[in-house]
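This report refers to the structure that appears directly beneath it.
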Amino acid sequence: MTGTDDGWVRSWGASPQAAHDGLGSFDGHPPLADVTLRQVVRISGGGGRVRVRFTNEFGTTPLTIGAARVGLAEPGGGVRAGSERVLTFSGAPGVTVPAGAPVLSDPVDLCLPALAKLSISLHVPGRVETCTCHDPALETGWAIPGDAVAAPALPGDAVPLPVRALLSAVELVPDVPARTVVVVGDSRVDGAGSTPGANRSWPELLAERGVAVHVSNQGISGNRMLNNGIGPAVLARFDRDVLATPGLGYVVLSVGGNDIGISFAPRDASLADFLAMFPGAPVTVDDVIAGYRQLVGRARERGVKVYATTIAPYGGSEIYSLEGESARRAVNEWIRTGGAFDAVLDFDAVWRDPDHPSRIREDFHAGDHLHGNDAGYRALADSVDLSLFG
């Protein structure tokens, strides 16, 4: 286990990225200036003391937060009466966050059951030149003109917020000692293809099974292990998004599929614009395995257990190729038999069609033969042996 964290654990997380390095969800959105952002997050485990991590890690200028609050969310953007807590920063009501930095709020007392939904509001009085975000949000959020941090109900001039903006984690002191499971990976971790606003990524569904730990989802849609592109590569963000997690107890590596898929994708005109989002030379099976070894070594330095998922099929998708399928199977064979991990979660076995092993079962994908639907992600979560986190 890790060193001392003063009892804090991360109960919810969203990996930061630059708005221009995402899926484009923020393109065309009005600049954030003199605006209140109200966002809903669902924590995994419960506790009685909470703090919020805001982020300007991809900002190019300082970020001023004029005011911030947290409370239990009500449907439709409201905040439950009596649950509102003013967030402060070293005792002050606001804070200026340097470019490239995060900031933690002061702790507040708030009794939170497991799987509680929180409403987090922050007022940005100035203009945000470069928004640090997570794309897509997969949970409803709103932008409201002016300072509406204290509004108990969602004002009528609120507009939807298409990304998770300036917010990266919720941390709390649990009622009983607990550890955090950090799942790091790509869109299949992020929950792409699941029902928006329903908390149906497989890490969130794992938390619903009553795991005696907290779960932090550090998936980025389109992410790779070895090369930047859509978000920083896992090797580049591993210290920030995983190893710096308060209460870290377990790491689940669920990455590598995009490294293989992009490297071996057909080089035809129809995919040219898509592939341009992924710079860097193609990688080999040996490159991917070496990347896993690096991540395992860095995690073991923290004294935590490291698990890996096998790479699920993607036959039938636009990026599929026979060469990529051969590479996927070779990497999966190493994951299963190489002895590098404390345990293996065989997601390939859960999702593959018995009659067409290069493809996801028809009832488990979101229509693109690449991402799961709600049932597919449920099957992954249900396949996990909970004793791994005991």
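The values are calculated or read from the model by the stated rules, or taken from the named source; none is laboratory data. This is a predicted model, so every value here is computed, not measured. Here the Cβ is made from the backbone with ideal geometry for all residues, glycine too, and neighbour counts use every protein chain on show.
Restricting Glu318, Glu323 to those that are outside any helix (DSSP H, G or I) and over 21 Å from the mean Cα position of the chain (by Cα) reduces the list to Glu318. Checking Leu72, Leu87, Leu32 one by one, the residue that is closer than 19 Å to Val163 by Cβ, aliphatic (A, V, I, L, M), crowded, with 18+ Cβ neighbours inside 10 Å and at pLDDT 95 or above is Leu32 and no other.
The residues of region 18-58 that are in contact with a Ser or Thr (Cβ under 6 Å, 6 or more places away or on another chain), under 30 Å from Ala212 (Cα atoms) and assigned to a loop (DSSP other than H, G, I, E, B), listed by number, are Ile43, Ser44, Gly45. Conditions: (1) in a loop (DSSP other than H, G, I, E, B); (2) in contact (Cβ under 8 Å) with a residue 40 or more places away in the chain; (3) in contact with a strand residue (DSSP E or B) (Cβ under 9 Å, 6 or more places away or on another chain); (4) not hydrophobic (A, V, I, L, M, F, W, C). Tyr307 meets all but one. Number of the miss? The single condition Tyr307 does not satisfy is (1). Residue count for region 326-379, restricted to those that are farther than 21 Å from Arg200 by Cβ, outside any helix (DSSP H, G or I) and not acidic (Asp, Glu): 11. Of all residues assigned to region 101-109, none qualifies as being touching a helix residue (DSSP H, G or I) at 6+ places or on another chain (Cβ under 6 Å), in a strand (DSSP E or B), modelled with pLDDT of 95 or more and buried (at least 18 other Cβ atoms within 10 Å of the Cβ).
If the condition is being hydroxyl-bearing (Ser, Thr, Tyr) and farther than 18 Å from Val251 by Cβ, then region 197-233 contributes only Ser221. Residues that are among the hydrophobic types (A, V, I, L, M, F, W, C), modelled with pLDDT of 95 or more and over 26 Å from Arg378 (Cβ atoms) number at least 2 in the following helices (runs of 4 or more DSSP H) confined to region 159-259: 234-238.
Looking at Ser383, is it surrounded by 14 or more Cβ atoms within 10 Å (Cβ to Cβ), without any contact (Cβ under 8 Å) to a residue 40 or more places away in the chain and among the polar types (S, T, N, Q)? Yes, satisfied. Quick one: is Arg300 in contact with a strand residue (DSSP E or B) (Cβ under 7 Å, 6 or more places away or on another chain), more than 19 Å from Arg359 (Cβ to Cβ) and without any contact (Cβ under 8 Å) to a residue 12 or more places away in the chain? Against the criterion (in contact with a strand residue (DSSP E or B) (Cβ under 7 Å, 6 or more places away or on another chain), more than 19 Å from Arg359 (Cβ to Cβ) and without any contact (Cβ under 8 Å) to a residue 12 or more places away in the chain), Arg300 qualifies.
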